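Heads up, the thing below is written out as structure tokens.
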Amino acid sequence: MSTIAAIATSPGIGGIGIIRMSGEDCFDILNCFFVPKNKTKPKSYTLKYGKIVDNSGKIVDEVLVSFFMAPKSYTTENMCEINSHGGIVVMNQILELCLKNGAVLAEPGEFTKRAFLNGRMDLSQAEAVIDVIHSKTEKESKVAMDQLEGNLSQKLREIRKEVVSLLADIEVTIDYPEYDVEEVTGAKISDVLKKIDKLLGNLEKSFLNGKILREGVKVAIIGKPNAGKSSLLNLILNEERAIVTDIEGTTRDTIEEFANVDGVPLKIIDTAGIRNAKDEVEKIGVEKSLRMLQDSDIALVILDASQEMDEEDGKILDLVKDKNAIILLNKMDLEKRIDMAEIERLGKKIVEISAKNKWGVDNLYKAISDTLKLSEIAVDGELIVSNQRHKSLIRNSHDCVKKAQEIMAHNLPIDIISSYLKEIIEEVGKITGESVTEDVINEIFAKFCLGK
């Protein structure tokens, strides 16, 4: 394999930048432009201070270089990380020296891909790396770290071992009846299938919580123009994200931002005011608001409590009568004039707020958490599947178990279930990487960032 190099830190200016190299010739390439203050041979897991010099002898930067000798490195290859100052010009100069002296530019995710190909981690652990990087909350990060530590892999190996053992027993019984081996009984097969069914079923069920932690909960803020939707968004985010004016219809398009409630990311969507549009642009905005409402997991219906209910308010309430929704009575700093009878008939949670005076948001968070039962999503001691690819393969495996159980229930020959057991082994192997195609591997690592 060639020696690869890439900038591992985010683009832009920072205090420290890291240029990473991995491959058999890693240290030979480094020696072409790194002049250490201490000339002794480096040891693994040590740092050396020195200077980077170009071909003309000009000093590019002073750096610290981390050394990792094969096989005890992230990729299991010889590897070094050049810790430079964080200017993009300096980092690019050092990267260019790596490339000029024999390294090739790494593809996205190629360092982690090599870790997988070299056996340091399986495919599900490699995918967890990108989940850790993209985590938006502590709970999401905890789930990703559990997978990176191999907890999902361990459970899948347990399932695979049970299936392989059962398959071997069945095939020995069928292929070598003349030998003195214990015959596999229907009761034993049913017991093993029941155990596998439970294990796969628990993993499949966990995806609902995993999806919430990974993708967040879609929360649509809806209401009439000037009810206080944009003010509410600003209050939740604690910043002036949306334009707020006394002019109706200021928001013409959706604004999307993330907030954190009980360790769960909320995708807050501020929508255009819902009313009979006065022009084509506003009409498009209202139509988009209705689509966002339809796609949301929960709606925050904001009403102006200082005004009496009108026909448009009634239409908006009708839109959410069959949805998860919380009714927000805004402008409670003013005299309350809204009629509560029509609101209370919906049976939704009602929260009083004042977006202007910035109070009531804690009660709103509690209402969201209670409505969606977010506090019940536990990550300690619970294995959660959050990857859509994994979920699909687990579901396929679970379907195979169900089909095998149907065969047993109809007292059909036991050899028929062998094909389903083999398919379970194949599907589980696609998660861990034991039976995955090269195209799938390339597609997975193409989603990674450069330098990881």
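No lab work stands behind these numbers, since they all come straight from the coordinates. All values reported here derive from a predicted model rather than from experimental measurement. Positions of Cβ are backbone-derived with ideal geometry, glycine not excepted, and every protein chain shown enters the neighbour counts.
A few points about this structure:
- Within the range 99-146, the proportion of Cα pairs with more than 14 Å between them is 58 percent.
- For the chain, the antiparallel share of DSSP beta bridges with both residues in that region comes to about 65%.
- Peptides 108-121, 45-58 ranked from most to least packed give 108-121, 45-58, packing being the mean of other C-beta atoms within 10 angstrom over each peptide's residues.
- Kirkwood Rh, angstrom, the chain [1 / mean 1/r, Cα pairs]: 26.5
- Backbone amide hydrogens, once placed in the peptide plane, bring residue 382 within less than 5 Å of nothing, excluding anything fewer than 5 places away on its chain.
- Under 5 Å between amide hydrogens, built in the peptide plane, is the criterion, and for residue 61 it picks out 52 among residues at least 5 positions away or on other chains.
- For the range 13-88 versus the range 334-394, the gap between their alpha-carbon centres in whole angstrom: 50
- Whole-Hz Karplus values for the range 131-136 come out as 5, 4, 4, 8, 4, 9 Hz, taken residue by residue from phi with 6.51 cos²θ - 1.76 cosθ + 1.60 and θ = phi - 60°; glycine and proline positions read x.
- Cut-off under 5 Å, modelled amide H: who pairs with residue 349 long-range: 327
- For the range 4-106, the ratio of Cα radius of gyration to the globular rule of thumb 2.2 N^0.38 Å stands at 0.97.
- Three principal axis lengths of the range 302-371 [C-alpha, angstrom, descending]: 28, 28, 16
- Highest-first arrangement of 221-234, 154-167, where packing means the average Cβ count within 10 Å: 221-234, 154-167
- For the chain, the 222 nm mean residue ellipticity estimated from helices alone, with every DSSP H stretch of n ≥ 4 adding -39500 (n - 2.57) and the total spread over all residues, rounds to -14000 deg cm²/dmol.
- Measuring between alpha carbons in the structure, the pairs from 195/430; 267/373; 48/452; 323/349; 224/267 lying more than 18 angstrom apart are 195/430; 48/452; 224/267.
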